[in-house]
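The values are calculated or read from the model by the stated rules, or taken from the named source; none is laboratory data. Because the structure is predicted, anything quoted here is derived from the model rather than measured. FYI the Cβ positions are ideal-geometry reconstructions off the backbone, even for glycines, and counts take in every protein chain you see. Side chains are part of the model used for accessible areas, which takes the heavy atoms of the whole protein and leaves out ligands, DNA and RNA. Shrake-Rupley method; radii C 1.70, N 1.55, O 1.52, S 1.80 Å.
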Amino acid sequence: DNYAWSYLNPPKDALVKPIAEKGQSGEVEFQAATDGDYFFHVGRLMDDAKVPSFGAGHETIITAKGVGSTETIIQWTRDQQNHPSSMTGRLPNVKAGAKYIINFSFDIPGAGIYVQGPEHGLTTLQSQYAEAIDYYYVYGPSVDAIIGGYREITGAAPLYGKFAYGFWQSREHYGSKAELLKAAQEFRSRGVPLDAIVQDWLYWGKLGWGPEWDPETYPDPADMVKQLDQMHLKLMVSVWGKMDNQTQLFQALKSAGMILGNTNQSHNNWYDAWSVDAQKIYYSICNQSHFSIGVESLWLDATEPEGLVNLNQETHLGSGNLLM
């Protein structure tokens, strides 16, 4: 359930009503009205709040105790990262009239528990922000026919190079050129098939959050790419739509008036990705740092955009509230 710009069959009935600014724990009785699977949604519905809560260090546990058994519906503990802004779990094969004690504990402020029972033959789609959305239904009945119908709508997509269908290796991030190359060499020396390796975030180091290589930890990144190429490995690098204010990218975009919101903060500046001119500036600096030295591909991270930075902001295409 990430930000749920578009809800499919949104739940209507609040089993546990939300309390503003705090999580909740306790137990409540639930009785099924009809046979079938029931879905328990923990989070904020469209009318409850505009900005969801998410991130590390949150916990949500929902269990259902019936006759002779206890079912775990949702379990997300504090040691798991990036708690979604809402979560949905299933209680399957429920019989009409069956009673359960629902034990719950969650620390998402302002969230409630909502239940969606079986409504065979009914499909509902809703959006909190959009003025209008076009939905396409592609009938198969086979999977191949569905894919064919989707392709007819979107147009033919060319195949990637063969390497893209092999094994890609990624970790939370490599911390230096030496570390990344050592890992690549180990894969080769151990005979583990590998076609691409990924450099995730923080390679910018002291330069600040942005698409440029820190010369201390990644000296001569072109040489790194060359060594990977000699091992027949492609490199993907993550880039973000946000940046620190000391970066070359921020300075270029700020000068062009293409930063969303407050431009005086040191971190977490996001650019207006809906502007074609901003896209050109962004690409030019990414090209300078990556494509020009042989990086094969870029991983565009946090394109949701992360943290709802477009809410209540004016973008090149108008209100950011409608651009989800």
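Sort through THR154, THR124 and tell me the only one that's under 30 Å from THR34 (Cβ atoms) and not hydrophobic (A, V, I, L, M, F, W, C).
The unique qualifying residue is THR124.
How many residues does region 68-98 hold that are modelled with pLDDT of 90 or more, in a loop (DSSP other than H, G, I, E, B) and either open to solvent by 30 Å² or more (accessible area, probe 1.4 Å) or among the charged types (D, E, K, R) (or both)?
Selection size over region 68-98: 3.
Within region 268-297, take every residue that is within 19 Å of the chain's Cα centre (by Cα) and within 19 Å of LEU207 (Cα to Cα) and give me the one that is least open to solvent (accessible area, probe 1.4 Å).
ASN269
How many residues does region 165-211 hold that are exposed (fewer than 14 other Cβ atoms within 10 Å of the Cβ) and either under 17 Å from SER297 (Cα atoms) or touching a strand residue (DSSP E or B) at 6+ places or on another chain (Cβ under 7 Å) (or both)?
So the answer is 4.
Give just the number: which of (1) modelled with pLDDT under 90; (2) part of a strand (DSSP E or B); (3) not aromatic (Phe, Trp, Tyr) does ASN2 not satisfy?
(2)
Among the listed residues PRO211, PRO215, which satisfies the condition of being of a type outside the set (Ser, Thr, Tyr), over 16 Å from VAL295 (Cβ atoms), part of a loop (DSSP other than H, G, I, E, B) and at pLDDT 95 or above?
Result: PRO215 is the single residue among PRO211, PRO215 that is of a type outside the set (Ser, Thr, Tyr), over 16 Å from VAL295 (Cβ atoms), part of a loop (DSSP other than H, G, I, E, B) and at pLDDT 95 or above.
Run down LEU159, LEU125 and say which single residue is in contact with a Phe, Trp or Tyr (Cβ under 7 Å, 6 or more places away or on another chain), of a type in the set (A, V, I, L, M) and either at pLDDT below 90 or within 22 Å of LEU235 (Cα to Cα) (or both).
LEU125 is the lone residue from the list that is in contact with a Phe, Trp or Tyr (Cβ under 7 Å, 6 or more places away or on another chain), of a type in the set (A, V, I, L, M) and either at pLDDT below 90 or within 22 Å of LEU235 (Cα to Cα) (or both).
Under 8 Å between Cβ atoms, which residue pairs at least 6 apart in sequence (or on different chains) link something in region 136-164 that is on the phi < 0 side of the Ramachandran plot with a partner that is at pLDDT below 90 and open to solvent by 100 Å² or more (accessible area, probe 1.4 Å)?
Sorted first by the residue in region 136-164, then by its partner, the pairs are ILE153/TYR136.
Condition check: closer than 18 Å to GLU314 by Cα, part of a helix (DSSP H, G or I) and at pLDDT 95 or above. Does GLN279 satisfy that?
yes
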